[in-house]
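These notes concern the structure reproduced below.
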Amino acid sequence: MSKIFDWDLLQSFLAVARTGRLTLAAKRLGVDHSTLSRRLATLEASLGAKLFERALSGYSLTHQGEDLLARAEAMESTALAIQSDVGQERARVSGTVRIGTPDGFGTAFLAPVIHGLTEAQPGLQVDLVATPFGFSLSKREADIAISLSRPAEGRVHVRKLTDYRLGLYAAAGVWPSVASLEAAAGLPFISYIDDLLYTPELDYAPPALRSVEPRLRSSTVVAQHAACAAGAGLCILPCFLADTDARLVRVLPELVNLTRSFWMIVHSDMRDLARIRVTGDFIAEAVHKAASRFMPSHV
């Protein structure tokens with residue numbers, strides 16, 4: 001009789017394949033790295049295949065490992081569907097949901113309201129990861145990702161949350177009245193670091209200001225906002241972030257008035273899980289209630 005296959009070994013394999021590092025994968029699984037190493041060795045021995053190339057830089061999949069990855073993810077998808085259909089749908093929503101968001105949306109908007117979800121669902125744990133970089137759903141870096149762009153491909157479910165406005169802002173009482181873009185171009189500017197832009201949607205300087213060399217650059221909009229409010233220079237900021245700050249005034253609203261969008265993205269295999277669906281609906285409803293904040297009527 002053949003030995004029963006151990007699903008835990010495949011979960012260990014998936015964790016290492018997605019992180020590329022044994023210590024990080026072990027931490028995510030809640031085991032020590034030596035235990036995880038033994039699990040990988042057991043899996044390779046049972047399959048008679050080498051699944052990873054080990055190096056100081058991390059673990060990379062071999063061709064056999066790539067083949068197993070596709071099959072393991074299909075098995076994982078089936079397990080997730082069973083969990084949703086048989087278990088979670090008939091029980092109170094529980095478990096962990098990791099939300100990956102741009103730093104401005106996550107810090108200024110979602111962080112202050114997300115407690116409404118955890119209060120309504122005490123069995124739910126939310127990991128809010130607000131960073132200026134994107135997330136890989138296929139590697140399970142996030143269960144729900146908020147993005148500035150709609151993905152062109154991939155096994156994902158996409159939902160548009162909202163458009164949002166951006167404008168040019170300055171610290172109140174620090175800079176003289178600005179009557180034109182040419183005058184604005186002569187003042188210190190705060191902007192992104194070009195080679196750290198993770199999406200073209202963040203490159204939003206008007207043509208008349210593209211030649212301006214920023215005095216201060218940062219990879220995060222939260223840092224730009226803080227520097228602008230402190231008087232370091234003019235900065236293009238989301239209105240939902242800047243309009244609530246009494247330290248800031250909007251400059252040339254009729255000339256600098258940009259629009260971008262937020263999209264909510266979930267891996268297709270995860271979208272029907274109760275905890276994912278409830279969290280996604282909460283985020284969408286919170287954004288809908290704050291529509292005037294994201295798209296203020298003033299120009």
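The values are calculated or read from the model by the stated rules, or taken from the named source; none is laboratory data. Here the structure is a predicted model, which means the values were calculated and not measured. All Cβ positions, glycine included, derive from the backbone under ideal geometry; neighbour counts span all protein chains shown.
Per the conditions (1) hydroxyl-bearing (Ser, Thr, Tyr); (2) touching a Lys or Arg at 6+ places or on another chain (Cβ under 8 Å); (3) part of a helix (DSSP H, G or I), the sole criterion not satisfied by Tyr59 is (3). Restrict the check to region 217-224 and report whether at least one residue is of a type outside the set (Ser, Thr, Tyr) and surrounded by fewer than 16 Cβ atoms within 10 Å (Cβ to Cβ). Checking region 217-224: at least one residue is of a type outside the set (Ser, Thr, Tyr) and surrounded by fewer than 16 Cβ atoms within 10 Å (Cβ to Cβ). Scanning region 7-44 for residues that are of a type in the set (Asp, Glu) and free of Cβ contacts under 8 Å to residues at least 12 places away in the same chain, we see that the one that is farthest from Ala72 (Cα to Cα) is Asp32.
Listed here are the residues, each with its yes/no results for (1) modelled with pLDDT under 90; (2) hydrophobic (A, V, I, L, M, F, W, C).
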{"residue": "Ala26", "(1), (2)": "yes, yes"}
{"residue": "Thr35", "(1), (2)": "no, no"}
{"residue": "Ala41", "(1), (2)": "no, yes"}
{"residue": "Ser94", "(1), (2)": "yes, no"}
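Within region 45-76, the set of residues being in contact (Cβ under 8 Å) with a residue 40 or more places away in the chain and either in contact with a strand residue (DSSP E or B) (Cβ under 8 Å, 6 or more places away or on another chain) or within 14 Å of Leu14 (Cα to Cα) (or both) comprises Tyr59, Ser60, Leu61, Gly65, Leu68, Leu69, Ala72, Glu73, Met75, Glu76. If you go through region 175-203 and keep only what is of a type in the set (Val, Ile, Thr), crowded, with 16+ Cβ neighbours inside 10 Å and in contact with a Gly (Cβ under 8 Å, 6 or more places away or on another chain), you end up with just Ile190.
Residues in region 226-237 include at least one that is in contact with a helix residue (DSSP H, G or I) (Cβ under 6 Å, 6 or more places away or on another chain) and not aliphatic (A, V, I, L, M).
Restricting attention to region 62-75, the residues that are more than 16 Å from Trp7 (Cβ to Cβ) and either of a type outside the set (A, V, I, L, M) or at pLDDT 90 or above (or both) total 6. Among residues that are assigned by TED's automatic domain parsing to the domain that holds Ala72, hydroxyl-bearing (Ser, Thr, Tyr) and loosely packed, with under 15 Cβ neighbours inside 10 Å, Thr19 is not included.
Taking residues in region 114-136 that are without any contact (Cβ under 8 Å) to a residue 40 or more places away in the chain, and partners anywhere that are part of a loop (DSSP other than H, G, I, E, B) and acidic (Asp, Glu), the pairs with Cβ atoms closer than 6 Å and at least 6 places apart or on different chains are Phe135/Glu141.
Against the test of being modelled with pLDDT of 90 or more and either within 13 Å of the chain's Cα centre (by Cα) or hydrophobic (A, V, I, L, M, F, W, C) (or both), the options Leu137, Leu161 yield a single qualifying residue, Leu161.
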